[in-house]
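Report on the structure given below.
The values are calculated or read from the model by the stated rules, or taken from the named source; none is laboratory data. Since the structure is predicted, the reported quantities are computational estimates derived from the model, not experimental observations. Neighbour counts are summed over all protein chains in view; Cβ atoms, including those assigned to glycine, are modelled from backbone coordinates with ideal geometry. In case anyone asks, the SASA skips ligands and DNA or RNA and just uses the protein heavy atoms, side chains included. Shrake-Rupley method; radii C 1.70, N 1.55, O 1.52, S 1.80 Å.
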Amino acid sequence: MTESTTGPALVVGLGNPGPEYERTRHNVGFLVADVLAQRVGGRFAVHKKSGADLLQARLDGRQVLIAKPRSFMNLSGRPVAALAKFFSVQPTEVIVVHDELDLPFGEIRLKRGGGEGGHNGLRSVSSALTTKDYLRTRIGIGRPPGRQDPADYVLKPFAAPERKEVPVIVEQAADAVELLLRVGLETAQNQLH
């Protein structure tokens, strides 16, 4: 995204649907999407053609689509690709907000492309978009303690000490998404990292 970009941007928070997953580490992308929706004063509605909850808004005069796929994490790609196609959003204008095991808890990093690091949601998005060249807002959740399986760890609620910090981290991640939309990747990285 550059200052000359005028087409729509698609911001996708990854997570799993259903109340049993609401406060889990894997759903931090949904939490960020909710904060962005609150900031623009909008509400999500079901977008039937994609199978996602969608909010259309404007940020600094640019159309921004904020979405939460209604499918489970490992099937996130189909709704993302359907939204990108329906609204003519190029993959380079897609921002995926997701949990990241390989970052310390609370750390936020921006990047374009790269591997999926075992993240099934990213793997699904890359497959459906047929490229890895989309933007990512990575939110560190840290590694599981001891020998806990990472697949179990991401589906567990945040630990009590972490829960106090989650609202601040989610706000910071929403700030990072807005900065990325406003100034582009390189400038945003320089300001954040």
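Using a probe of 1.4 Å, the accessible surface attributed to D152 totals some 80 Å² when neighbouring protein chains are kept in position.
Between rounded, prolate and oblate, where does segment 130-193 land on the alpha carbon gyration tensor, with a ≥ b ≥ c its root eigenvalues, rounded for a/c under 1.5, else prolate if a/b exceeds b/c? Oblate, because a/c is 1.5 or more while a/b does not exceed b/c.
Roughly how many Å² is the accessible area per residue of segment 9-192, as a whole number, for a 1.4 Å probe?
Values: 8550 Å² over 184 residues.
With the other protein chains kept in place, segment 9-192 gives 46 Å² per residue.
The simple spin-label model puts a point 7 Å past each Cα toward its Cβ; for K85 and H193 those points are separated by 3.3 nm. Around the amide H of R70, modelled in the peptide plane, lie the amide H atoms of A52, D53, all under 5 Å away and 5 or more residues distant in sequence or on another chain. When only the Cβ of Lys, Arg, Asp and Glu is charged (+1, +1, -1, -1), the dipole of the chain relative to its Cα centre reaches about 480 debye.
Only one residue of M73, L101, L54 has its Cα farthest out toward the positive end of the dipole of segment 43-110, where Lys and Arg carry +1 and Asp and Glu -1 on Cβ, and that residue is L54. Charged side chains reduced to their Cβ positions (Lys and Arg at +1, Asp and Glu at -1) give segment 1-98 a dipole of some 260 debye around its Cα centre. Over the chain, the reciprocal of the mean inverse Cα-Cα separation, the Kirkwood hydrodynamic radius, stands at 16.3 Å. At 7 Å along Cα-to-Cβ for each site, give me the label-to-label distance between A57 and Q172 in nm. Here the modelled spin labels are 2.1 nm apart.
Taking all protein chains as present, what is the carbon and sulfur share of the accessible area of segment 42-193, in % to the nearest whole number, probe 1.4 Å? Percent of accessible area from carbon and sulfur atoms in segment 42-193: 50. Here K49 sits with roughly 150 square angstrom of accessible surface, probe radius 1.4 Å.
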